[in-house]
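In what follows, a structure is listed as structure tokens, so that the remarks can point back to it.
The values are calculated or read from the model by the stated rules, or taken from the named source; none is laboratory data. Here the structure is a predicted model, which means the values were calculated and not measured. Cβ: placed from backbone, ideal geometry, glycine included. Neighbour counts: every protein chain shown. Side chains are part of the model used for accessible areas, which takes the heavy atoms of the whole protein and leaves out ligands, DNA and RNA. Shrake-Rupley method; radii C 1.70, N 1.55, O 1.52, S 1.80 Å.
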Amino acid sequence: MSRFDEPTDRSRTSGTFSTKWDVADGELPMWVADMDFKTAPEIITALQKRLDNGVFGYTDVPREWSEAVAGWWQRRHNFAMRPDSLVFVTGIVPAISSMVRKLTTPAEKVLVQPPVYNIFYNSIVNNGRTPSECPLEYDGTSYSINWKNLEEKLSDPQVTLMILCNPHNPTGNIWTRDELARLGEMCARNGVTVIADEIHCDITAPGTDYTPFASASALNADISVTCVSASKAFNLAGLQSAAVYAQNRFLLHKVWRALNTDEIAEPNAFAVHAAIAAFNEGGAWLDELRGYLFENRKIAEEFIARKIPEIYAVPAKSTYLLWLDCKKVCDDAGALAQFLRNETGLFVSAGAQYGAGGKSFLRMNLACPRSRIEDGLARLERGVRSFLS
């Protein structure tokens, strides 16, 4: 039995105040990108040691933190970050919002590639900027970049910033080095800065790695800001800890100034300790987790192909999110998502919120014990059969 088979209690009565599990009795939440696993024992030990100290005053960001982050990306992803060019932030989303305000002016456009993480739109619209959508191309089985459309959108002088999701959420695409270098060259030629959100980078299939955008070429490194965190890989989202990296010193200064102006560059008493433990000691645990997650994915894909052939599970080698093509069931998967929740208690995400091309899709979170995967798949089958009857 795997340690990840161990049931965890995050219900409303558990005292954890879990966002994911704020649901009615009998409902099964498989929506938000948040895992139902305890974090690595090494992190728990580090946090317990900090807790035992009993004093939780203001906390500095020590050199050990930036060395831990840089060391991880060097060892795991062959990307040499300069520790002095890393900035602590309380989360990637507030960092992106801050950078949108600093690196663009009101009414300028920020390019995204939908279907994509829905909060990117909030960071753009809420700050008085306009989303410019360059939808990924879907051929019925997989996604790719529409290079002709991308060139056209980037050539718009109002587009001054691009938010790249690498690996991509929700499709699970891992962009190749050549694709990233080509994208970087196009952005540089058109004067567009790139924010690379790489929060899902450590959740890849065993034996599969990703390429950091800034490592694909010297040009990419010069025009970009990279956002990374232990939160997805180690289930630490509630500790509010992430890092921003820029190699270009002028861009780094702008970003550093923005993050500090917005007061999002100071840690709570536990954030730094958790990140250091994760990046220095969590590798073996993470590799075990990756094996478990991608076995979950295999089980889900095979079940759906066998039992619910009307739905197509888009193959992916990254993230723990299953992107489900439901167009043979209905045009509006939002209606299907609501039906599934009402009829079976299964709570999944409607694809329309991820922008263009997402309307006939659902997103399902597979980061939970196998017993919940089996329960969720059974509810999905039962719900689709009822929906179609």
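State which residue is farthest from residue 67 (Cα to Cα) when the search covers only segment 82-102 and only residues that are assigned to a helix (DSSP H, G or I) and not aliphatic (A, V, I, L, M). Can you show your working first?
First pass over segment 82-102, keeping only residues assigned to a helix (DSSP H, G or I): 83-85, 92-102.
Restricting the remaining residues to those that are not aliphatic (A, V, I, L, M) gives 83-85, 94, 97-98, 101-102.
Values: 83: 6, 84: 9, 85: 11, 94: 23, 97: 26, 98: 24, 101: 29, 102: 27 Å.
The extreme case among them is 101.
Anything in segment 195-225 that is surrounded by fewer than 20 Cβ atoms within 10 Å (Cβ to Cβ) and β-branched (Val, Ile, Thr)? List them, or say none.
The one that is surrounded by fewer than 20 Cβ atoms within 10 Å (Cβ to Cβ) and β-branched (Val, Ile, Thr): 208.
Just checking, does segment 104-119 include any residue being in contact with a His (Cβ under 8 Å, 6 or more places away or on another chain), in contact (Cβ under 8 Å) with a residue 12 or more places away in the chain and part of a loop (DSSP other than H, G, I, E, B)?
yes
When only residues in segment 310-349 that are touching a residue at least 40 places away in the same chain (Cβ under 8 Å) and in contact with a Cys (Cβ under 7 Å, 6 or more places away or on another chain) count, which is nearest to residue 203 (Cα to Cα)?
311
So residue 48 passes all but one of these: (1) open to solvent by less than 30 Å² (accessible area, probe 1.4 Å); (2) more than 22 Å from the chain's Cα centre (by Cα). Which condition number does it fail?
If we test residue 48 against (1) open to solvent by less than 30 Å² (accessible area, probe 1.4 Å); (2) more than 22 Å from the chain's Cα centre (by Cα), just (1) comes out false.
So, in segment 87-136, of the ones that are among the small types (Gly, Ala, Ser) and farther than 22 Å from residue 170 by Cβ, which residue ends up least open to solvent (accessible area, probe 1.4 Å)?
Of everything passing the filter in segment 87-136, 98 is least open to solvent (accessible area, probe 1.4 Å).
Quick one: what pairs do we get from segment 1-14, first residue small (Gly, Ala, Ser), second open to solvent by less than 100 Å² (accessible area, probe 1.4 Å) and in a loop (DSSP other than H, G, I, E, B), C-beta under 7 Å, 6+ apart or different chains?
Matching pairs, first to second residue: 11/21.
So in segment 137-152, with the set limited to residues that are under 16 Å from residue 354 (Cα atoms) and in contact (Cβ under 8 Å) with a residue 60 or more places away in the chain, which one is surrounded by the fewest Cβ atoms within 10 Å (Cβ to Cβ)?
Step by step, filter segment 137-152, then rank; the result is 138.
Among 296, 280, 268, 260, which is in a helix (DSSP H, G or I) and within 23 Å of residue 19 (Cβ to Cβ)?
296
Taking residue 207 and the conditions (1) touching a residue at least 24 places away in the same chain (Cβ under 8 Å); (2) assigned to a loop (DSSP other than H, G, I, E, B); (3) of a type outside the set (Ser, Thr, Tyr), which numbered condition does it fall short on, given that it satisfies the others?
(1)
Looking at the structure I just gave you, is residue 73 part of a loop (DSSP other than H, G, I, E, B) and either open to solvent by 10 Å² or more (accessible area, probe 1.4 Å) or out of contact with any helix residue (DSSP H, G or I) (no Cβ under 6 Å at 6 or more places or on another chain) (or both)?
Numbers: part of a loop (DSSP other than H, G, I, E, B): no; either open to solvent by 10 Å² or more (accessible area, probe 1.4 Å) or out of contact with any helix residue (DSSP H, G or I) (no Cβ under 6 Å at 6 or more places or on another chain) (or both): yes.
No, not satisfied.
Restricting to segment 226-240, and then to whatever is within 14 Å of residue 89 (Cβ to Cβ) and over 14 Å from the mean Cα position of the chain (by Cα), can you tell me which residue is least open to solvent (accessible area, probe 1.4 Å)?
Going through the qualifying residues, I end up with 239.
With the condition kept exactly as written, say whether any residue in segment 363-372 is in contact with a Pro (Cβ under 6 Å, 6 or more places away or on another chain), closer than 21 Å to residue 113 by Cα and in a strand (DSSP E or B).
The answer is yes, given that some residue of segment 363-372 is in contact with a Pro (Cβ under 6 Å, 6 or more places away or on another chain), closer than 21 Å to residue 113 by Cα and in a strand (DSSP E or B).
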